[in-house]
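Colleague: What follows is a structure written as structure tokens; I'll ask about it next.
The values are calculated or read from the model by the stated rules, or taken from the named source; none is laboratory data. What you see is a predicted model, and the numbers here were worked out from it, not measured in a lab. With ideal geometry, Cβ positions are generated from the backbone for all residues, glycine too; neighbour counts draw on all protein chains shown. For the accessible areas, the whole protein counts, side chains as well, though only heavy atoms, and no ligand, DNA or RNA atoms are used. Shrake-Rupley method; radii C 1.70, N 1.55, O 1.52, S 1.80 Å.
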Amino acid sequence: MWSLKNKIFYVAYCLFGKKLPYSRRSKVAKKIRYFFGKKIMKKVGKNVNIETDAVFNPNVEIGDNSTIGVKCEIIGSAKIGSNVLMGPEVILYAVNHEFSDKNELIINQGYRKEKTVILEDDIWIGRRAIILPGVTIKKGTVIGAGAIVTKSFPEYSVIAGNPARIIGNRKE
């Protein structure tokens, strides 16, 4: 939940930290974004990299050595394990609009119940992948660029497509 402290640090992050250079170009920028991440998110592990223009919130937990990529968006709650790599523009959605009542305008129906997105350890997510509410990405999974992940898959899967499907297995 957003506390006053979270809001103040998030405004400061948006005004100052969010637009700093890429981490590979500036160690100072990486440290500043990490500082803001620790002040805003529920849990931040060691050596976490939050790239430029990333959007996140206080309902995010992230483990050691993980990266939130350039222009990534985490909408709602997410539990991100250790050694997770997110390419640019990845989106994690834990919330979605309600639209079940056909007699009511969608805009008036609000939101569905939030379902946490879970990313286990040792995952690589390619550019512009979208992960929908309630999905668990299992240990060792690789997600291809542009994939839309609507359900969970077994450990060490290689998945891609719209909707995402298994195209390989890292253990074979």
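Colleague: Going by the structure shown, is Glu61 in a strand (DSSP E or B) and acidic (Asp, Glu)?
Modeller: When the stated conditions are applied, Glu61 passes them.
Colleague: So which residues in the range 99-109 are part of a loop (DSSP other than H, G, I, E, B) and either closer than 18 Å to Met1 by Cα or open to solvent by 40 Å² or more (accessible area, probe 1.4 Å) (or both), if there are any at all?
Modeller: Phe99, Ser100, Asp101, Lys102, Asn103, Glu104, Leu105
Colleague: From the list Ile131, Ile118, Ile125, which one is of a type in the set (A, V, I, L, M, F, W, C), touching a Lys or Arg at 6+ places or on another chain (Cβ under 6 Å), surrounded by 16 or more Cβ atoms within 10 Å (Cβ to Cβ) and closer than 17 Å to Glu61 by Cβ?
Modeller: Going through Ile131, Ile118, Ile125 in turn, the sole match is Ile118.
Colleague: If you check Glu114, Glu98, Glu104, which single one turns out to be over 12 Å from the mean Cα position of the chain (by Cα) and without any contact (Cβ under 8 Å) to a residue 12 or more places away in the chain?
Modeller: Being over 12 Å from the mean Cα position of the chain (by Cα) and without any contact (Cβ under 8 Å) to a residue 12 or more places away in the chain holds for just one of Glu114, Glu98, Glu104, which is Glu104.
Colleague: Let me ask something else about it. Take the residues in the range 143-172 that are in a loop (DSSP other than H, G, I, E, B) and more than 17 Å from Asp122 (Cβ to Cβ); name whichever of them is least open to solvent (accessible area, probe 1.4 Å).
Modeller: Ala147
Colleague: Among the residues of the range 15-25, count how many are in contact with a helix residue (DSSP H, G or I) (Cβ under 9 Å, 6 or more places away or on another chain) and either open to solvent by 100 Å² or more (accessible area, probe 1.4 Å) or not aliphatic (A, V, I, L, M) (or both).
Modeller: 7
Colleague: Also, quick follow-up: Identify all residues within the range 1-58 that are among the small types (Gly, Ala, Ser), in contact with a Pro (Cβ under 8 Å, 6 or more places away or on another chain) and not in a loop (DSSP other than H, G, I, E, B); write none if there are none.
Modeller: Within the range 1-58, Ala29 is the sole residue that qualifies.
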